[in-house]
Structures are given as structure tokens and as C-alpha cells.
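Report on the structure given below.
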Ligand SMILES: [Zn+2]
Ligand SMILES: [Zn+2]
């Protein structure tokens, strides 16, 4: 039987729009693991998609949201929260690189370390394990993880900003997947946290000019603060026409909204022979015209998660911490609220409201 002092609170998803703060056991610190007292955990767009449409990797009854062909073995209720920053409170035996008191953010993409993808450091593409990130219990005051997942935070970076390393790593990977060159003009469709991170990473990468199409005014303002040159309200004017008129089509575009319209707009705003990167989680199948790809010789490129970890050839996760540390990315305009654990469900509801001004909400457990 579990003793009362062994319990803590954590947030679990039981199904679409069914989120509960529940008792959870306080896990022991096994050899090779560290316990982290969590200061902040960000609410991710992927958390919202799962809240809305059901867990991505779980073939839950009544949902159609699973990744085709995924072998992820998860079950409901599913713990939530993976954009985590905090302070190490306990280290297990055989932990060598991390000390008690170290400030860390967590790279929750663990991988199975056994499949063809993990063997080459592409843990984010692991099909065998649960990918780590999908079963992370970060909406809680404490988490125990393998030492390898704890990434030290540079002195210049606050815990508040370090929480953004995870979504910004996703955005930076998208920018790298685009092959962005410093002479390129960029269009970003959708200025949620990932789209805004793309704006920040593209600006840090020296993009010549950045266009952003986003219906919410608060998000357009944040995009400007993060480096957008032109912001467009697509409910007021035709974003594709505006971009075509001013640029004769951009060299690189990013689909960060997850709709059929924004995917087609991204394709048609992009010059022939150039690249569109898809970063969104789509909640359903959408149709596009393949001739927008074929006839224009455009490349449609997927980008998922980020690289990081022992064998990764490059680490977007570590790089964004450096970019925040040296001031090339300031994520502050993305953070719009901080809520306690009991406020998580209300924050989810607020974030899914199309009229809300919230962008990135941090949970402070
Ligand atoms: Zn995330
Ligand atoms: Zn693997």
C-alpha cells in the first residue's frame, strides 16, 4: 500500500476534453535517474490537440487521431506535460553529470535506443518506444527521469524561458528542415507557439523578410515582437495574394495551423521549386491538389519534434538554449499567462477558444 506522503498531484488525460488532476505516486530515484522539482511546465499545442481530439498515439475509442502505422504502446489515462524546467532535488546512484541544485530542462524524447532510428540518434522518429515525450508527467511538482534527459540550463537563461526550449526546438528543426538561406523570404501560416518559434528562429537565422498570416490580433502582435516584417489578417485580406504581390512568392513557407486552407495557402505562396515545411498536428485528413506540388516542383517537407540526445548528429534542443542565452531569441512575447495546477483545465479551455489572447501558458505546480 502506498503511504500518504508518497503521493503527489498530476494531470491526466482520460479522453477528449476530459482532463483530471489526480493523485499519483511519487516515484523512487533509481540508479541512473534524477528527480526534478518542477518550476514551470508549458502547455503545448500538441497537448491541446490531444485534449481536443484524443491522444495522438492512442487508438482510443471514438477518436481518429492516431499516427498511422505507429507502434506506440500507450493507454488511457495518459499523463500530460512535457515542456518542463526545474531544479534537480535528488540524484540516483551512478549519475555523474548532474548534481543536486542544477537547473535543468528536460528533453523528453527518450527513444528505445534499439531501433534503426535510435541507432542513428533520430530518437524523435523512434517507432518502438513511446518516444518519451508522449508519456511525460510534467503537470506535477516533481518528475523522475533518466540522467540523459536532463539538459543543464545556461546561467543566462531563466527557468521560465528554458521551458520554451522544447517548442522552440520543434520550430528550429522546422527551419533547419526548410534549408533556409539568409537571402530567403519566408511566409509562416499560423502564429501559435510553433509558428511564432519559426518566426524567431528564421529571424535568428537571418531570413531576409518574414510574412506571417494569423487571424488572432494578439498573435500577430507577438509575431512582430519576435521578428516578423509583415503580418496579415487572413480574415480581412487574401494572404496568398498579398504575399504574391509583394514577393512574387517566397522561397520558404511554413504550415503551422493545421488546416486544409493554410496548407494550400502555404503551397501557393511559395515559389516554384522551393520548399513548404509542415509542422502542424492535423486533427483530420485534409485534401490538397497534388499538382501544386508536381507542376510547380515544390517540396513538401515534414518536420516533427527535434533532435537531441547522446547520438543525435545535431541538437535543436541544446541550440535553442544557446540562442536564448545569447539573446538571439527572446521568447518572452510568447508567454501570456502562468497558472497553478488546479487551473490547467481552465487554461486548456481558454487556449482552445478562438477569441482568446492566450499564446503560451505556463503551469506552475
Ligand atoms: Zn511541446
Ligand atoms: Zn527507437
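The values are calculated or read from the model by the stated rules, or taken from the named source; none is laboratory data. It should be emphasised that the depicted structure is a prediction, and the values quoted were computed from it without experimental measurement. Glycine gets a Cβ as well: all are built from the backbone with ideal geometry, and neighbour counts include every protein chain shown.
The set of residues from the range 107-118 being more than 6 Å from ligand 2 (Cβ to nearest atom) and crowded, with 17+ Cβ neighbours inside 10 Å comprises 107, 108, 109, 110. Out of 198, 175, 186, one residue alone is assigned to a helix (DSSP H, G or I) and away from ligand 1 (no atom under 16 Å from the Cβ). It is 175. Against the test of being under 23 Å from the mean Cα position of the chain (by Cα) and farther than 21 Å from residue 45 by Cα, the options 198, 186 yield a single qualifying residue, 186.
This table checks each residue for (1) closer than 18 Å to residue 38 by Cβ; (2) part of a loop (DSSP other than H, G, I, E, B); (3) touching a helix residue (DSSP H, G or I) at 6+ places or on another chain (Cβ under 6 Å).
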residue	(1), (2), (3)
87	yes, no, no
90	yes, no, no
93	no, yes, no
96	no, yes, no
100	yes, yes, no
108	yes, yes, yes
114	no, yes, no
119	no, no, no
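Based on what the data block shows, is residue 160 farther than 30 Å from residue 273 by Cα, more than 16 Å from ligand 2 (Cβ to nearest atom), over 14 Å from the mean Cα position of the chain (by Cα) and part of a helix (DSSP H, G or I)? For residue 160, the condition - farther than 30 Å from residue 273 by Cα, more than 16 Å from ligand 2 (Cβ to nearest atom), over 14 Å from the mean Cα position of the chain (by Cα) and part of a helix (DSSP H, G or I) - is met.
Is it the case, given these coordinates, that residue 137 is farther than 25 Å from residue 271 by Cβ, assigned to a loop (DSSP other than H, G, I, E, B) and free of Cβ contacts under 8 Å to residues at least 24 places away in the same chain? No: the conditions fail for residue 137. Has the range 86-94 got any residue that is out of contact with any strand residue (DSSP E or B) (no Cβ under 6 Å at 6 or more places or on another chain) and at pLDDT below 90? Among the residues of the range 86-94, not one is out of contact with any strand residue (DSSP E or B) (no Cβ under 6 Å at 6 or more places or on another chain) and at pLDDT below 90, which makes the answer no. Out of the range 172-187, which residues are modelled with pLDDT under 95 and within 22 Å of residue 330 (Cβ to Cβ)? If the condition is that a residue be modelled with pLDDT under 95 and within 22 Å of residue 330 (Cβ to Cβ), then 182 is the only one that fits. The set of residues in the range 95-113 being out of contact with any strand residue (DSSP E or B) (no Cβ under 9 Å at 6 or more places or on another chain) and either at pLDDT 85 or above or more than 19 Å from residue 313 (Cα to Cα) (or both) consists of 96 alone. Determine, yes or no, whether residue 121 is over 14 Å from residue 13 (Cα atoms), within 15 Å of ligand 2 (Cβ to nearest atom) and modelled with pLDDT of 85 or more. Judged against the criteria, residue 121 is a match. If you go through the range 299-327 and keep only what is crowded, with 20+ Cβ neighbours inside 10 Å, in contact with a strand residue (DSSP E or B) (Cβ under 8 Å, 6 or more places away or on another chain) and at pLDDT 95 or above, you end up with 303, 321. For the range 51-85, residues that are modelled with pLDDT under 85, touching a strand residue (DSSP E or B) at 6+ places or on another chain (Cβ under 6 Å) and within 16 Å of ligand 1 (Cβ to nearest atom) total 2. Could you go through the range 241-263 and let me know if any residue there is touching a helix residue (DSSP H, G or I) at 6+ places or on another chain (Cβ under 6 Å) and free of Cβ contacts under 8 Å to residues at least 60 places away in the same chain. No - not one qualifying residue is present in the range 241-263.
Scanning the range 201-219 for residues that are crowded, with 24+ Cβ neighbours inside 10 Å and either farther than 17 Å from residue 255 by Cβ or within 16 Å of ligand 1 (Cβ to nearest atom) (or both) yields one hit, 201. Condition test on residue 126, is it surrounded by fewer than 22 Cβ atoms within 10 Å (Cβ to Cβ), in contact with a helix residue (DSSP H, G or I) (Cβ under 8 Å, 6 or more places away or on another chain) and without any contact (Cβ under 8 Å) to a residue 60 or more places away in the chain? The answer is no for residue 126.
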